[in-house]
Amino acid sequence: MDKYAKRKYILGAIFVLVALIFIFRLFSLQVLDSSYKQYATKNVLRKVINYPARGLIYDRNGELLVYNKAAYDLLVTPREVSAFDTTQLCSILKIEKNVLVEELRKAKKYSRYKPSVIVKQLSPEMYAMLQEKLYKYPGFFVQTRTLREYAHPIAAHMLGYVGEVNQSQINKDPYYEQGDYIGITGIERAYEKELRGHKGVNFFLVDVHNRLKGAYNDGNSDTAAVLGNNLTTTIDAKLQAYCELLMQNKRGAVVAIEPKTGEILCFYSGPDYDANLLVGRERSKNYQMLLNDTLKPLTNRAISAAYSPGSTFKTLNALIALEEGAITENTSVTCYGKASSPIRCTHNHESPIRLQGGIRESCNPYFWNTFKSTINKYPTAEEGYNNWREHILSFGLGQTLGTEFYGESAGNIPQSSYYDRFFGKKRWNALTVRSLSIGQGEIIVTPLQMANMVSVIANRGYYIDPHIVKSVTDPENEVHPLEFARKDAMVHPEYFEPVIDGMLQVVDQTNTRYTAHVEGIEICGKTGTIQNSHGSDHSAFIAFAPKDNPQIAIAAYVENGVWGARYAAPIASLMIEKYLNDSIGAPNRIALEKKMIEANLLNPNQPK
């Protein structure tokens, strides 16, 4: 009996302990925990995301380029919705009834318990009207957020735009949730993590009439949003705006770089668009309009256009030949007889001609013979070509130049294996690929790469990775300068001077003097005419200035611009003059400026 008595006491003790636990838990839930008391009085706890303002973006001189403006999203939690006047709500929101019904259906499908955005980006005026009547619409509430505003209608391709995240982006980064915004292109994309800041959360109590009753837990459960970092770009807003004025009604691209730092002063692709079109409730409609535009304004030609370099490439062929000892600056070539074949000269000039004259006159036979000597210096064409190609790559061609440039093309400097496949192993030579000597054939470059290439020439042998952002400033106002790598070209500094002298002569010669010469500024440049099988040839020009201690290097491409000196050279030289002198001085330059501004190459009826 003692044995059973002990078990009885043990079982009794267990029951008493369990009963005490239940009693204590019920007491805790009903008396000690105030949150349940709040639910018991039919209050609802609402979680509201506190979106941080994205960082501001400035130009190199402190000019504000991108800022924020207040906007409001209307959200709904389907399980809290009861009957309401749909007609009145649609009237306030300025949407059709069927749109509201469809958005409610989507919200229920997503979740009956989680809030979903019904109408995005309400204006402050619409929000004020809605706020007065929001108590009539149980389950609906407004969440504050900010939208981007672009201070000037410039640099759309460089700045980029912001859009709503998709599911793929949400899967990649748990920071994002449905309805969040993210940088889609340009700086907004490249520096998304710096610009976005960190979201906070506020918890509120609302009654059965959807009215705010105050902060939950006295605000102790809230977390503050952290503002995004501000960016200072390398762009000169005045120069950018001037470029866009000169390039209006034209297709093409212009990139200008400060050679010693790699800082991009101007980054233009045209036709362009106003980035403000991709902000607000009209964004989707405007995006489709831009996407369907036959002029392709969303295409960033500065980093993705497939251009041949044309005669601008002759400067690089000359530098490689000098480095390889295939020529000297005194090497002369005749434009007549055997030397002029298979690529004939298109200019009437003295013959024979030496290096500086060859660059000045853009003499095709000179650079074909230069290229041939460079390749034939090696035992086989393949070895000679591979060595030539390595030199080309060291100038930044045939590769992407930076992580800032989403959608950047690497261009194309063909590998020798390409010609092996096309012609057969050991069945090709310098003659077979002769078009490369004058910047045609399979070579593909971008305007950014060509601006970088002329920066190498200006620096006499090196470049700093080209970049658009100069520094990041955190919310505590501490500035963090960014550092970028230096790259050395495979050409020694002493070989640049004769090529630069030739480029100086280009700008001072008769054909180019009117369009590119600026009194008091030594501009070193090279024109290019790019063959185009679909219409008028393209106009290209590369340049830097001043000759000594260069402050700006530039590459300009104008599609269907006929030849290099006609549009690209004057546009580039006007920009150089504007940047260095802050104004256009001589009457003939003012007349040239007017001509460039008024030229409309998009109009097929206007003479080119």
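The values are calculated or read from the model by the stated rules, or taken from the named source; none is laboratory data. The structure presented is a predicted model; accordingly, all values stated were derived computationally and were not measured. Every residue, glycine as well, gets a Cβ built from its backbone with ideal geometry; the counts of neighbours run over all protein chains shown.
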Problem - Filtered residues of the stretch 512-541 (kept if in contact with a helix residue (DSSP H, G or I) (Cβ under 9 Å, 6 or more places away or on another chain) and among the small types (Gly, Ala, Ser)) - result: 516, 520, 525, 528, 539, 540
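Kindly indicate whether residue 257 is touching a Ser or Thr at 6+ places or on another chain (Cβ under 6 Å) and not aromatic (Phe, Trp, Tyr). Lay out the reasoning, then the answer.
On the way: touching a Ser or Thr at 6+ places or on another chain (Cβ under 6 Å): yes; not aromatic (Phe, Trp, Tyr): yes.
Considered against the rule, which asks whether it is touching a Ser or Thr at 6+ places or on another chain (Cβ under 6 Å) and not aromatic (Phe, Trp, Tyr), residue 257 comes out as yes.
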Practice task
Check the stretch 378-397 and report whether any residue there is surrounded by fewer than 23 Cβ atoms within 10 Å (Cβ to Cβ), in the same structural domain as residue 464 (by TED's automatic domain parsing), in contact with a helix residue (DSSP H, G or I) (Cβ under 7 Å, 6 or more places away or on another chain) and not in a helix (DSSP H, G or I).
Solution key: yes
Practice task
Tell me which of these residue 94 doesn't satisfy, since it passes every other one: (1) farther than 26 Å from residue 177 by Cβ; (2) at pLDDT below 70; (3) not small (Gly, Ala, Ser).
Solution key: (2)
Practice task
Please go through the stretch 442-496 and pick out each residue that is among the aliphatic types (A, V, I, L, M) and closer than 30 Å to residue 226 by Cα.
Solution key: 468, 469, 472, 479, 482
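Which residue is nearest to residue 469 (Cα to Cα), if the candidates are limited to the stretch 380-428 and must be among the acidic types (Asp, Glu) and touching a residue at least 60 places away in the same chain (Cβ under 8 Å)?
The initial filter retains those residues of the stretch 380-428 that are among the acidic types (Asp, Glu), namely 382-383, 390, 404, 408, 420.
Among the residues that remain, those that are also touching a residue at least 60 places away in the same chain (Cβ under 8 Å) are: 390, 404, 408.
Values: 390: 29, 404: 8, 408: 16 Å.
Filtering first and then ranking leaves 404.
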Handout entry: Test: residue 305 is in contact (Cβ under 8 Å) with a residue 60 or more places away in the chain and either over 18 Å from the mean Cα position of the chain (by Cα) or surrounded by 19 or more Cβ atoms within 10 Å (Cβ to Cβ) (or both)
Key = yes
Completion exercise
Filtering the stretch 93-121 for residues that are over 17 Å from residue 139 (Cβ atoms) and touching a residue at least 60 places away in the same chain (Cβ under 8 Å) leaves a count of 2
Practice task
Taking only the stretch 559-594 into account, find how many residues are surrounded by 17 or more Cβ atoms within 10 Å (Cβ to Cβ) and either farther than 21 Å from residue 536 by Cα or in contact with a His (Cβ under 7 Å, 6 or more places away or on another chain) (or both).
Solution key: 14
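When you look at residue 471, is it in contact (Cβ under 8 Å) with a residue 12 or more places away in the chain, under 21 Å from residue 189 (Cβ atoms) and either crowded, with 20+ Cβ neighbours inside 10 Å or not aliphatic (A, V, I, L, M) (or both), yes or no? Walk me through how you get there before you give the answer.
Values: in contact (Cβ under 8 Å) with a residue 12 or more places away in the chain: yes; under 21 Å from residue 189 (Cβ atoms): yes; either crowded, with 20+ Cβ neighbours inside 10 Å or not aliphatic (A, V, I, L, M) (or both): yes.
So residue 471 passes the test.
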Handout entry: Single unsatisfied condition, residue 295 versus (1) crowded, with 16+ Cβ neighbours inside 10 Å; (2) closer than 30 Å to residue 246 by Cβ; (3) in contact with a Lys or Arg (Cβ under 8 Å, 6 or more places away or on another chain); (4) not acidic (Asp, Glu)
Key = (1)
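Does residue 584 satisfy being modelled with pLDDT under 95, closer than 20 Å to residue 449 by Cα and among the hydrophobic types (A, V, I, L, M, F, W, C)?
no
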Practice task
Please determine, by comparing only the residues of the stretch 252-272 that are out of contact with any Leu (no Cβ under 7 Å at 6 or more places or on another chain) and in a loop (DSSP other than H, G, I, E, B), which one is modelled with the lowest pLDDT.
Solution key: 272
Practice task
Determine, yes or no, whether residue 190 is out of contact with any strand residue (DSSP E or B) (no Cβ under 7 Å at 6 or more places or on another chain), closer than 24 Å to residue 55 by Cα, in the same structural domain as residue 591 (by TED's automatic domain parsing) and not aromatic (Phe, Trp, Tyr).
Solution key: no
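Take the stretch 518-534 and flag every residue that is surrounded by fewer than 19 Cβ atoms within 10 Å (Cβ to Cβ) and either of a type outside the set (Gly, Ala, Ser) or within 32 Å of the chain's Cα centre (by Cα) (or both). Step through it out loud before you land on a result.
Step one: filter the stretch 518-534 for residues surrounded by fewer than 19 Cβ atoms within 10 Å (Cβ to Cβ), giving 519-522, 531-534.
519, 521, 522, 531, 532, 533, 534, listed by residue number.
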